[in-house]
Structures are given as C-alpha cells and as structure tokens.
C-alpha cells in the first residue's frame, strides 16, 4: 500500500510571485519602472485636480462673495460627481489606457479654461440675469460637476492599467494609487496659494495646470501603453492632446488682452490702475472728482460722485465730543481721515490698514490724493500696516495706542459685514477689543450695511455691539444708485428701494445723534442736523428686535 505523500510546501516567495504575476509583455520598460511611471502620473494628475477645485473656489468667492457658500457648493458637488465618474468609468475598463488618455485630455481642457469661462460669464452676464451673477453661478456648478466626473473616472482606469503591468491583490493596488493621489493633492493644494496664485494669477495658473495635466496623461498612455493601442487610437490621442495643448497655449498668450477686455466690461473703459496686491485686486477708474472710482476685489469702495455722503455720515456724528485722539480701522483711501482732520481739535490720528498698496495709491495717485485732500501729508496722520483685529489684540503694547488714556473716537471704515472675510471684523470679540482702546466718553462709529435693504445684517451689528457692552444709536444716509451698481454685491438697476448707508454710533454711554461744530473746512457738504435726525428715524423704523450677536465661532450675518 502506497503511503500518502504530503503536498510539497511552496518555496519561499513563490506564493507572492503567484499573486503578483507580471503581465508586462509589450511594455517598453520592466514592471517596476512601469508602476513608478503610473504612480508618478497619479501624483501629477491629483495635484492638477486639486488646483482646479481651488481655482473654482477662489474665483467664485472673489466674483460672487461669501467664500463659505462657494467652497461648500464647489466641493460638495465635485465629490458627488467623482462618485458618478467612478461608476461611468466601469464602461471603459476594457480599453482603460485609451479611456484614461481621453479623460485626461478633456479634463486638462475643461479645468484649464474653467477660470477664464467663469470670469467671462461674470464680466459679460446681462444684469437682468440674477443681478449679473446668474451665468457665473450656473457655470460654477457646471464646471464642478464636469471636473468631478472626470476626476472620479481616473482611479478605476488607473487600477486596470496597474493590473496590466503586474497582477496584484486589489488592496495593495488601491493603497499604492491612493497614496500617490493624496500626496499629489497635498502638493497641488500648497502650490496653488504659494506658487501659482502669486506668480501667475488665477487665469494663467489654471491654463498652465491644464497643460501639465494633458502632457502627463498623454505621455503615460502613448509612451507606456502605446503598443496596446491601435494605430487609429494612437493618432486620435496625439491629435487630441496636441489640440488641447494648442488651445491652452493660445489662451495663455491672449490672457492679458482677455483680462483687459473683462475689466473694461465690468468697470468701464477708463481704467487707470489695475494691480494685484498681496491682499486683493485694486482697480482705479476715472480721473479726478466725480468720475473717480476705486474697486477692491471687484467691489466699489469709493465713488467720487457721492463718497462725501458716506464719509461725512460715518465721521462727523462721532466727532461731536472730545476728539483729540482718533483711531481709524480700515480707510486706507484716506477719505475718512480727510473728514477727521477737518476738526482743529484733532491731535493724533492712527490709521490701521491691512493693504499697504491701498495706502501707497492714496498717497501717490493724483486723482485720489486730490479727493482725500492730501490727508497723508498731514503730520497728525500715522498709518500702520496691520490687520485691524490683530492690531487691536496687541493694542496695549502698540506704539501710540494707549498713552493719554485711549482714543476719543474710533472709526470703523471696513468692508460690508455680509462679506465672509469681514465677519470677524463685525464680531462680538472685535467690538470688545475696540471698546478696550476707548478712553472715557469715547465713541465708536461703525458702517453697518443698509437698514432698508438688509435690515437683518444691520441689526445684527447692533446686537453684536450691545453684546460687547456698548450702547448704540442707529442712523442712515442716502446714497446714489451709482454706488450700489457694481461688483459682486451690486444691486439691480430696478432695485425697489432707494439705496442707503447704515451706521451705528456706540459708546459705554449712549451717544447723542448730533454734529460737531464746523471745522476748518466749513460744514459738511451733504449732512446737516435735520438730515441726521431724519436718518436716525429712518433707521429706527426698520428695527428687528431680539437678534443674537455674531461671534467668531458663530457668524450670523446673512450673505
């Protein structure tokens, strides 16, 4: 009787070899280098994909405001679309290399031109279409969907291509792919704000990213898997990639002319200054006097036609009382300082502006210096480059902040509270810091949005000031349609309510609503006691009681 023979134990490594059979026939390199090339392409494509996402978020936030909403829409739509793309890619698995090459070429073109298209839709959308923003909103969602579908199709196709090189267990292949993908996303996420945006800008940066994406995808498929493709497929991919690169290159060459045309469409033909500072885009149009207009990140901040109405209403009620020491938060254009310096009792004015480029423009531009009455030439004005919140936090040690017992007047000439980036400057914490630098009997004047058009925003600022321990006096001043007709928060021409500015005057004791005696420059041009009383009654008529305050951890301003 034959004794049973135990099965022979596999030699060391034989089992692993069985699981990892190599199918590298037809490839120009061995399986090891081939896998590295695929993973390097995954790295590059992941970096490009994240740049596309960040470009959409950044440009949509700049054009339409409310960065939280724009980021939420873009990222949530894109992640959903990636799942759809992964499902659709199942149909391409039998021709994974060709499918991946086509997907990357289309993704490079769509992602590369997305910023251009979004900018163009904002510049040329008709005003009747959602206030000029409808086209940009639809395009933002459309590009998020399409880019997400294409990115989602990448991993299933790359998985098939990895298995074409060497058969391995699914867990190991997925781990390799996702490791390269996540590291590439890290590099792309850091390259966007620190390299692409400051050096190339949003439009050129997106186009360059698309070119890199097209080159990486095309080189992998044609160079590594070209022998798996038919002659017709290879020609198709070559033609497609050459076309995409040519289109992106042409767009990059014309991007300067495109930006000039888009700016003229948004701001008019008379653009004198257009610069991108480290903080924001600054555009100055018109000449001297009423035609001058200053835009910061697309929003009209100064209109020579009626800026006196805004700055006189912001400053002069707060100056009714002691005003030897004044602090201006924001107001780098020098216009609030001009009104403050009209009062002979002013001894020192500290101005805290986050963007030194605005201060430099207000010092040097002939039109703006004429409008601000050469305020920066007055030795009483001391500008400081700093974020207003950070400066107030360190105000106990800041030069000139505390000697003499604090400030008599604090003027908050800040962007609209409904803009996401400004919400911390209208928080309970911010107003608490501002109250800390007030001297006895000191007053704070705050631009608070329109009480007629945006009463919830206005009265939320009021509730926030009161939560910081201050008592408030509301009032408003009328503006002109021109001051509300441009930028991401522009009002339609047929806006049913007359445009107005809203202000809150606050202090540890409720400040009276009155005007200081005329200064050296005579009485205000647009404001008298009767108009101020009427503005107080108009603002009070819109009161919304019992609103909660806005804090850093819970912003409450509607967008």
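Exactly one residue out of 314, 327 is closer than 19 Å to residue 435 by Cα, touching a residue at least 24 places away in the same chain (Cβ under 8 Å) and outside any helix (DSSP H, G or I): that is 327.
Taken together, the residues in segment 329-367 that are in contact with a helix residue (DSSP H, G or I) (Cβ under 8 Å, 6 or more places away or on another chain) and within 15 Å of residue 384 (Cβ to Cβ) amount to 15. The selection criterion, being surrounded by fewer than 23 Cβ atoms within 10 Å (Cβ to Cβ), in contact with a strand residue (DSSP E or B) (Cβ under 6 Å, 6 or more places away or on another chain), farther than 25 Å from residue 536 by Cα and assigned by TED's automatic domain parsing to the domain that holds residue 434, does not hold for residue 347. Within segment 24-74, the set of residues being in a helix (DSSP H, G or I) and free of Cβ contacts under 8 Å to residues at least 60 places away in the same chain comprises 32, 33, 36, 57, 71, 72. Looking at 239, 222, 195, 247, can you tell me which residue is in a helix (DSSP H, G or I) and under 30 Å from residue 360 (Cα atoms)? After applying the criteria, what remains is 195. On the given criteria, is residue 264 under 25 Å from residue 123 (Cα atoms), outside any loop (DSSP other than H, G, I, E, B), touching a strand residue (DSSP E or B) at 6+ places or on another chain (Cβ under 7 Å) and free of Cβ contacts under 8 Å to residues at least 12 places away in the same chain? Yes, satisfied. With the condition kept exactly as written, say whether any residue in segment 464-483 is buried (at least 24 other Cβ atoms within 10 Å of the Cβ), at pLDDT 65 or above, within 26 Å of the chain's Cα centre (by Cα) and under 27 Å from residue 527 (Cβ atoms). Within segment 464-483 (the criterion being buried (at least 24 other Cβ atoms within 10 Å of the Cβ), at pLDDT 65 or above, within 26 Å of the chain's Cα centre (by Cα) and under 27 Å from residue 527 (Cβ atoms)), the answer is yes, since at least one residue qualifies.
The values are calculated or read from the model by the stated rules, or taken from the named source; none is laboratory data. Every value quoted in this text rests on a predicted model; they were computed, and no experiment measured them. Note that each Cβ is placed from the backbone with ideal geometry, even for glycine, and that neighbours are counted across all protein chains shown.
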